[in-house]
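Written out below as structure tokens is the structure these notes cover.
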Amino acid sequence: MTTKAPSVEKILPAIEDFLPLLGVDYIEMYVSNAKQAAYYYQSAFGFQPLAYCGLETGIKDRQSYVVCQGNIKLVLTSPLGNNQEIGKHIEAKGDAVKVVALTVDNVNKSFNETVLRGAKPYLSPVAEKDPTGEVKRAGIHTYGETVHMFVERKNYNGIFLPGFEKWETNYQPAEIGFKDVDHVVGNVGWGEMNKWVDFYANVMGFYQLISFDDNEISTDYTALMSKVMVNGNKKIKFPINEPAEGKKKSQVEEYLNFNGGAGVQHIAITTDNIIETVTHLRSRGIEFLNVPTTYYDTVYERVGEIDEELNAIRELGILVDRDEDGYLLQIFTKPLGPRPTLFFEVIQRKGAQSFGKGNFKALFESIEREQELRGTL
Ligand code: FE2
């Protein structure tokens with residue numbers, strides 16, 4: 001018999017999942033120019049046109065473009081002058097994530113169970129209808145001004161949501177291999193880590209997968225704490241970062257300053273072929289965090305043999321990490337907008353279920369070089 005300590009998930013009691021989540025339904029960003037943003041996410045990242053709402057569809061206070069790729073739906077929303085909530089969000093944060101929507105089987109139950117456990121309501125359950133069926137939605141607040149919407153669409157056959165129409169355009173640059181949302185990371189304020197870990201545990205029934213303390217994720221200058229919260233069926237993974245004291249300003253603190261508080265730091269997206277995906281992205285002008293040149297000198301010692309050609313990995317600046325279940329390849333874009341806030345991660349998992357802990361130090365050293373250039377270190 002082995003005496004190896006069981007992992008956290010193996011010692012968890014079998015309790016009923018009161019909030020079964022089917023996946024990330026959509027991610028909505030409030031942006032200053034939805035029309036131009038849609039063009040950017042199409043051109044740069046290969047998202048495809050899906051749906052539209054605005055004045056032409058009877059929506060008076062906002063315009064939204066919905067773009068999709070694989071199972072990912074990105075909603076880009078701008079105010080039409082008289083929507084204070086969206087306008088203020090953009091003024092405070094620049095283009096930023098407002099909603100991480102989760103598909104559920106039962107919106108009323110999801111809303112009631114979470115509110116009963118202490119969630120602050122954002123939107124009470126509402127049924128929206130059109131000739132193709134009905135969608136129910138409700139929302140609760142999470143960190144910062146971010147919201148989780150619950151979406152029940154089992155009785156709906158429309159293109160996206162009632163109120164939207166199909167967005168027809170001749171401009172459809174090729175997809176680049178994005179498949180699914182792997183995880184969505186939130187940056188929270190000083191001392192707020194446990195509050196939000198407790199929120200996901202107690203209010204949403206998540207559990208903590210792994211944790212790093214600030215000694216594990218620190219360089220000469222930056223430090224942070226990170227905990228990963230995962231839901232019952234492990235479809236939804238929400239790592240949470242909190243800044244920690246270092247010699248200079250933590251990258252999480254820099255984010256908090258530019259975002260006016262807590263918010264979504266990055267969205268990690270899966271691909272089945274990261275070499276192809278990153279090759280496409282680089283050819284479309286997407287910039288990634290630079291990897292220290294010495295990183296690849298020791299990559300085989302750290303992760304052992306990998307299927308991919310090391311030269312291709314090195315030339316594209318892809319990071320590699322291994323855990324007990326396999327390995328993963330990942331890369332981080334530079335910020336998507338003018339502020340050093342939101343960015344994308346592209347990830348290919350080859351067995352590994354972790355998040356690239358071994359790469360954190362290499363990555364942070366790279367982020368620090370970028371911070372240095374911005375004069376915010
Ligand atoms: Fe990540």
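Each reported figure results from applying straightforward, stated rules to the coordinates on display, with no laboratory input. Worth saying up front: this structure is predicted, and the values here are computed from it rather than measured. Here the Cβ positions follow ideal geometry from the backbone for every residue, glycine too, while neighbour counts run over all protein chains shown.
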Compute, for the chain, the length of the dipole vector about the Cα centre, with Cβ point charges of +1 (Lys, Arg) and -1 (Asp, Glu) only. Units Debye, rounded to 20. 780
Report the calculated FRET efficiency for ASP325 and VAL126 (r = Cβ-Cβ distance, R0 = 35 Å), to the nearest 0.05. 0.30
Centroid-to-centroid separation of segment 300-344 and segment 54-69 [C-alpha atoms, Å]: 35
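My understanding is that a pair violates if its Cα-Cα distance is over 21 Å; which of LYS98/LYS234; LYS35/LYS235; LYS136/LYS237; LYS88/LYS249; LYS93/LYS357; LYS60/LYS166 do that in this structure? Please list the in-between numbers first.
Numbers: LYS98/LYS234 23 Å; LYS35/LYS235 31 Å; LYS136/LYS237 23 Å; LYS88/LYS249 27 Å; LYS93/LYS357 28 Å; LYS60/LYS166 18 Å.
Over 21 Å Cα-Cα: LYS98/LYS234; LYS35/LYS235; LYS136/LYS237; LYS88/LYS249; LYS93/LYS357.
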Can you give me the distance in nm between label points at GLU91 and ASN155, each placed 7 Å from the Cα along the Cα-to-Cβ direction? 4.0
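So if R0 is 30 Å, what FRET efficiency would LYS234 and LYS109 give, r being the distance between their Cβ atoms, rounded to the nearest 0.05?
It comes to 0.90.
Would you mind working out the magnitude of the charge dipole of segment 127-282 relative to its Cα centre, with +1 at each Lys and Arg C-beta and -1 at each Asp and Glu C-beta, to the nearest 20 Debye?
Numbers: 16 positive and 22 negative charges, 69 e Å.
With Lys and Arg at +1 and Asp and Glu at -1, about 320 debye.
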Identify which of ARG349, ARG62, ARG302 has the largest mean-square fluctuation in a Gaussian network model of the chain, with springs joining Cα atoms closer than 10 Å. ARG302
Per GNM of the chain with C-alpha springs under 10 angstrom, the most fluctuating residue out of GLU308, GLU134, GLU253 is GLU308
With +1 on each Lys and Arg Cβ and -1 on each Asp and Glu Cβ, and nothing else charged, work out how big the dipole of segment 23-166 is about its Cα centre, in Debye to the nearest 20. 140
May I ask you to evaluate 6.51 cos²θ - 1.76 cosθ + 1.60, the Karplus curve with θ = phi - 60°, for each residue of segment 128-135 and list the ³J(HN,Hα) values in order in whole Hz, giving x for glycine and proline? 10, 10, 8, x, 8, x, 9, 10
Where N is the number of residues in the chain, Cα Rg divided by 2.2 N^0.38 Å: 0.98
Would you list, by chain and number, the aspartates and glutamates whose Cα falls below 19 Å from the Cα of LYS179, excluding same-chain residues fewer than 8 positions away? ASP25, GLU28, ASP272, GLU276, GLU345
